[in-house]
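The values are calculated or read from the model by the stated rules, or taken from the named source; none is laboratory data. These numbers were taken from a predicted model, which means no experiment stands behind them. In this analysis, Cβ positions are derived from the backbone assuming ideal geometry, glycine residues included, and neighbour counts consider all displayed protein chains. We work out accessible area using only protein heavy atoms, side chains counted, and drop any ligands, DNA or RNA first. Shrake-Rupley method; radii C 1.70, N 1.55, O 1.52, S 1.80 Å.
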Amino acid sequence: GTPHKYDPTFKGPIYDRGCTDIVCCVLLVVAIVGYVAVGIVAWTHGDPRKVIYPTDSRGQFCGQQGTPNAYVSLAMGALGTPPEKPRIRLQDCSGPPWLGEIPLMHPCVRCFQICVNRCPDRFLTLLSAYSSSDMEYYRQFCVPGFSNPLKVSAGNPTPESPLAEDASSCRPPLSLFQNPIEILKNQECPAMLIPSTPLARRCLPAVQAKQGVIMVANETTYDDGTGRRRNVTELLEGAKKANLVLEARQLAMKIFEDYTVSWYWIIIGLVIAMLASLLFIVLLRYLAGIMVWVMMVLVILVLAYGIFHCYLEYASLKGEAGSDVSLKDLGFQTDLRVYLHLRQTWLAFMIILCVVEVVIVLLLIFLRKRILIAIALIKEASRAIGHIMTSLLFPLCTFFLLCLCIAYWASTAVFLSTSNEAVYKVFNETACPYSGQICMPETFNTSNVTKTCPDAQCLFAFYGGESAYHKYLIALQFFNIFMLFWLANFVIALGQVTLAGAFASYYWAFKKPDDIPAFPLFSAFGRALRYHTGSLAFGSLILAIVQVIRVMLEYLDHRLKAADNKFAKFLLGCLKCCFWCLEKFIKFLNRNAYIMIAVYGTNFCASARNAFFLLMRNIIRVAVLDKVTDFLFFLGKLLIVGSVGILAFFFFTQRIKLVQDTAPSLNYYWVPILTVIVGSYLIAHGFFSVYGMCVDTLFLCFLEDLERHDGSTEKPYFMSPGLQKLLKKSNKGHPDA
């Protein structure tokens, strides 16, 4: 951190360094090891099939090999028997089979789910099918193993049994039939069937509208299995969600078809955007000053025209009725056009524009030198990128690492959320001391429960668990999202330090480009990992804590939306605003701290302090450079995205006659156009993010150079000759000056 005496072998301050923030480095390593352990535990206990595949009411997957339902792949919601006392509420009937809460169940009817081979295509109740030939069709929608309604408790009839005579006949006696109530009680068949369509391995009501009338299979009412007629509109809410999914699926298929015939043209468009971004960065070396000054002159001319137009409107309203009414007398009006008929309105506009015009002109006069410095730094950044072209590809490495972090977080979150085990509980129709207790289906029939309560059943209740692991699942999910923020911020910080180190090696090369190292980007990456992993972990940890707090505040805000406590909402809004500002400030401070780490190799706190006070001592230069670069980046993105987007529009809509026959035929021409526009923006943003990091790095190095050196033989300037000439400085008496 001290000024260096010049000697021919000196390569700048970026090489004098040691390990920093070792404690934070150790903490990061421990956290990553713990994160890997959490992932292993989650992958051991989790089962993502719970998200993909439906289950029946016993918690068994539909259509999965090695399960009782291996050959029935669809899940269908079903109605059971009305219990004596309702123990399952209406909303308990919702779930994956219906993709939402469908108020079709009677509040005293138990609902359950079964696995079937295909969805029903007609309305039918068990009572009507039981006494007709439809029972053969109805059996398809009963639980696996239910082959017929015949049930003999003592076993199948034999010739020696008293029932042999009836058993040899075409139809068994009625005494051998299982009562429909018993079928429903045992949850072997649904009480009714509804015409349904398969979606995501689930049967959903086939609701459709014909001439404004909601119908299911051309019916407007249906029997709910209890003898009551219900309107099909009660299925509407769940069907809406199902229709949305179906429509989305059809839309996705058409979009996929468009991509299959236009993907190579999309790639060509993205390549054009990449070349345009590269060309724009190269041209900034020569056209940055022209673009900035032309834009400023245009702003002044536009404001001048605005003043002139306001004066014309003000003069034209002279003598017209009602135009001299003051704004105070008129008061507030919902129709804003009323104000445009007042002379006072145009006078106010003219005064405001005059003030803005004068302020801008004065700023340009007094800040012209700082604007020239900003333009010179932007040109110097273009030269630096020209000597370190690999820096333009480095965002791909950062993007790849971010994708790994997000993929690991998402997979761990899915496995954690599916780590719960199937919990079975005792259900019964009559009073039973074991009611509601946890049971095991494998041993239930031989337990004391069936002896005490003959009508009791061991049924699937929910997914959960009683072990210590299951009790701390929420804490593990919180740790998972915290590590996502920490690792993502660490990856971004690593990218920023690497780029800053590479561009700093360019600035601190006394003879440019001869003194630039052979592989500046890889050298900077190695220095960042070898010496400053702890500092990067420290900065990213602070930012991750703030971001997690913001996520918690957003969650609280979501939960309090239905509340009427205005003070709590106001307080929460203030906290959200404060932490949003805090996050922006920390990102700004971290970015400049990482540059100082790359340059001087100091720890995070010292780098953040030095960078902050250095910027505060040059606050006007910071503001001017920030606005000039923001304008150039905005102009560059607008030109690149706009030009490529317009070209894609004319091409895919077949309005370019030269390539009219080449353009593919599409379902939606906006699909490739939007893809090209979004991709062009991301490409331009990636290029300009590197360029912005280069400008910020060179700017901080430039400020350090001004404060630490004086142009003497012992302390020569490292800035380019162009900057020296602009500042009227030079390396006096230096052999290479």
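Figures for the structure shown
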item: Where labels lie 7 Å past Cα in the beta-carbon direction, separation of residue 587 and residue 411 in nm; result: 2.9
item: 13 Å beta-carbon shell around residue 540, net charge (K/R +1, D/E -1); result: 0
item: C-alpha center-to-center spacing [region 330-394, region 647-688] in angstrom; result: 32
item: Solvent accessible area, Å² - residue 314, 1.4 Å probe, full protein context; result: 60
item: Simple spin-label estimate for residue 340 and residue 471 in nanometres, 7 Å along Cα-Cβ; result: 7.0
item: At most 12 other Cβ within 10 Å, DSSP loop - trypsin sites (Lys or Arg not before Pro), region 347-385; result: none
item: Segments 442-449, 519-526 sorted - mean Cβ within 10 Å per residue, highest first; result: 519-526, 442-449
item: Cα-based shape type of region 421-464, given that a ≥ b ≥ c are square roots of the gyration tensor eigenvalues and the cut on a/c is 1.5; result: oblate
item: Potential extension, residue 478-residue 348 segment - 0.36 nm per residue separation minus Cα distance; result: 41.3 nm
item: Two-site FRET efficiency, residue 218 against residue 325, from Cβ-Cβ distance with R₀ of 51 Å, rounded to 0.05; result: 0.20
item: Packing rank of 688-698, 480-490, 721-731, where each peptide gets the mean count of other beta carbons within 10 Å, highest leading; result: 688-698, 480-490, 721-731
item: Filter on 50/210; 471/566; 210/254; 566/627; 50/584 - keep pairs with C-alpha separation over 29 Å; result: 50/210; 471/566; 566/627; 50/584
item: Calculated FRET efficiency for the pair residue 359/residue 22, C-beta based, R₀ 51 Å, to 0.05; result: 0.50
item: Separation of alpha-carbon centers, region 522-559 and region 580-600, rounded to whole Å; result: 11
item: Label-to-label distance, nm, for residues given as residue 616 and residue 402 (7 Å Cα→Cβ offset); result: 3.1
item: Extension gain (nm, one decimal) between residue 283 and residue 665, 0.36 nm per residue minus Cα-Cα; result: 133.8 nm
item: Ranked by how many other beta carbons lie within 10 Å on average, peptides 251-264, 703-716 from highest; result: 703-716, 251-264
